[in-house]
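What follows is a single structure, written as structure tokens, with notes after it.
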Amino acid sequence: MEEIEISASWENAADQIICHGWRKILLLGAVDSGKSTFCRFLSQRLLQSGANVAILDADIGQKDIGPPASITLGYPESAGKPGDAKPLAFYFVGAVNPVRHLLPMVVGTKILLEAARASFVIINTTGLIHGIGRVLKGYKIEIVQPDLIVAIQTGSELHSLLRSCRNQRALPVNRSPKAMAKNAEQRKLARQLAFFNYFKEADEIELDCRKLIFQRSLLFNGAVFNDPRFLYSEATSEGILAVGSDNVGRRDDLQVLKPGFEKNLLCGLADRKGRGRGLAIIKRIDFKKQTILLTTPVLPEFIKVIQPGDLYVNRDGIELYRKRPGAF
């Protein structure tokens with residue numbers, strides 16, 4: 001096992017999990033409390049016991065498995081870290097902060113939990129535990145119905161959250177003595193590296209928009225028609241959606257996107273059955289030809305669904321800005 005400073009409370013938690021066969025283990029803890037370290041410790045202990053283990057990484061900002069902005073599922077090996085496990089299933093959230101994205105955070109966790117094929121599933125979560133974070137964790141606990149909540153804490157920071165779900169089995173453990181606080185810049189650099197590693201072997205592929213399904217988007221879900229004022233226009237059930245100049249006057253039934261709005265927009269990719277396959281960066285959309293050029297490591301035969309996100313990023317992993325481009 002990799003050298004980890006282990007407390008008696010961690011050993012006790014692992015022993016009880018193995019003894020009772022508690023399959024679904026959900027980790028709670030504040031930012032930099034050592035959840036990833038505990039995840040690594042527990043997965044190694046479970047693997048050494050002869051069990052197979054899945055890690056459901058529901059931290060969309062500081063990832064152990066796969067790229068940010070997504071919930072991922074992987075299967076670690078006994079000699080490695082959780083971060084060495086390749087993401088074998090994805091659920092694209094489209095942001096690196098769960099605030100304003102509670103629904104996909106909960107839905108994605110549930111979908112990947114059902115996809116996990118292992119004796120034990122360790123569910124790692126974000127460090128957001130107060131306010132909206134407490135609300136998110138409450139819903140997540142409701143949907144997951146864990147066999148055990150492992151609460152990593154130093155004081156009473158999880159008291160109210162745990163009290164609100166005291167019908168669930170919970171086990172408090174000590175914070176990792178090696179847990180190191182990271183500032184915002186360090187977190188941003190960690191995300192940049194994770195994005196870079198994901199896209200470093202990506203290819204550029206061009207696909208026909210008419211053969212794709214665009215979800216979480218109004219664009220490409222209407223009837224295309226010609227309007228000389230715009231580069232592209234379509235009639236949707238919510239009015240006209242167009243690409244072009246926005247100096248045509250304001251109307252409630254008209255939404256206009258500026259040309260180039262799509263460049264560097266991060267999106268999720270899914271197959272014909274709706275299973276998340278990975279991420280892509282939109283390089284451009286040719287509205288005359290109705291084609292889309294993507295930068296992605298996902299093979300084109302697995303791409304049927306495009307899910308635009310709220311984050312712009314380049315293939316070097318640098319976050320450019322966070323803003324959903326209108327109806328797209």
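One table, with the values for the structure above:
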item: Relative contact order %, segment 167-307, counting alpha carbon pairs below 8 Å whose residues are six or more apart; result: 24 percent
item: Positive-end residue, segment 57-156 charge dipole about Cα centroid, Cβ charges, pick of Ala85, Gly127, Gln153; result: Gly127
item: Sum of side-chain charges, Phe302 neighbourhood, beta-carbon under 11 Å (Lys, Arg +1; Asp, Glu -1); result: +3
item: Solvent exposure ordering (accessible area, 1.4 Å, most first) of His130, His101; result: His130, His101
item: Average accessible surface area per residue within the chain, 1.4 Å rolling probe, Å²; result: 47 Å²
item: Surface accessible to a 1.4 Å probe, Glu185 within the full protein complex, Å²; result: 100 Å²
item: For segment 115-241, size of Cβ-based charge dipole, Lys and Arg +1, Asp and Glu -1, in debye; result: 900 debye
item: Selection from Pro67, Ile213, Leu193 lying farthest towards where the dipole of the chain points positive, charges on Cβ; result: Ile213
item: Which listed pairs, of Lys140/Lys323; Lys110/Lys283; Lys188/Lys273; Lys24/Lys283; Lys35/Lys283; Lys86/Lys258, have C-alpha distances above 29 Å, in listed order; result: Lys110/Lys283; Lys188/Lys273; Lys24/Lys283; Lys35/Lys283; Lys86/Lys258
item: Rg/Rh ratio calculated on Cα atoms of the chain (Kirkwood radius); result: 1.03
item: Relative contact order, percent, the chain [alpha-carbon distance under 8 Å, six or more residues apart]; result: 17 percent
item: The chain - charge dipole about Cα centre, Lys and Arg +1 at Cβ, Asp and Glu -1, debye rounded to 20; result: 500 debye
item: Proximal charge balance of Thr291 [Cβ under 15 Å; K/R count +1, D/E count -1]; result: +2
item: Hz values of 3J(HN,Hα) by residue in segment 272-284 - Karplus curve (6.51, -1.76, 1.60), Gly and Pro given as x; result: 4, 8, x, 7, x, 10, x, 10, 8, 10, 6, 8, 6
item: Total charge dipole magnitude, segment 189-269, about the Cα centre, Cβ charges on Lys, Arg, Asp, Glu only, Debye to nearest 20; result: 220 debye
item: Approximate spin-label separation Arg187-Thr236, in nm, with each point projected 7 Å along Cα-to-Cβ; result: 3.1 nm
item: Estimated inter-spin distance, Glu201 and Glu301, nm [label 7 Å along Cα→Cβ]; result: 1.8 nm
item: Segment 105-190, relative contact order in percent, only Cα pairs under 8 angstrom and at least six apart counted; result: 26 percent
item: Sequence of Arg100, Arg216 from largest to smallest accessible area, 1.4 Å probe; result: Arg100, Arg216
item: From phi via Karplus (6.51, -1.76, 1.60), per-residue ³J(HN,Hα) for segment 62-72 in Hz, x at Gly/Pro; result: 9, 7, 9, 10, x, x, x, 6, 8, 8, 10
item: Carbon plus sulfur fraction of accessible area for the chain, probe 1.4 Å, in percent; result: 49 percent
item: Expected 222 nm ellipticity per residue - DSSP helices of 4 or more, -39500 (n - 2.57), all of the chain, to 500; result: -7500 deg cm²/dmol
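The values are calculated or read from the model by the stated rules, or taken from the named source; none is laboratory data. Please read all numbers here as calculations on a predicted model, not as lab measurements. FYI the Cβ positions are ideal-geometry reconstructions off the backbone, even for glycines, and counts take in every protein chain you see. The protein model used for the area step is the full one, side chains on, heavy atoms only, and it has no ligands, DNA or RNA in it. Shrake-Rupley method; radii C 1.70, N 1.55, O 1.52, S 1.80 Å.
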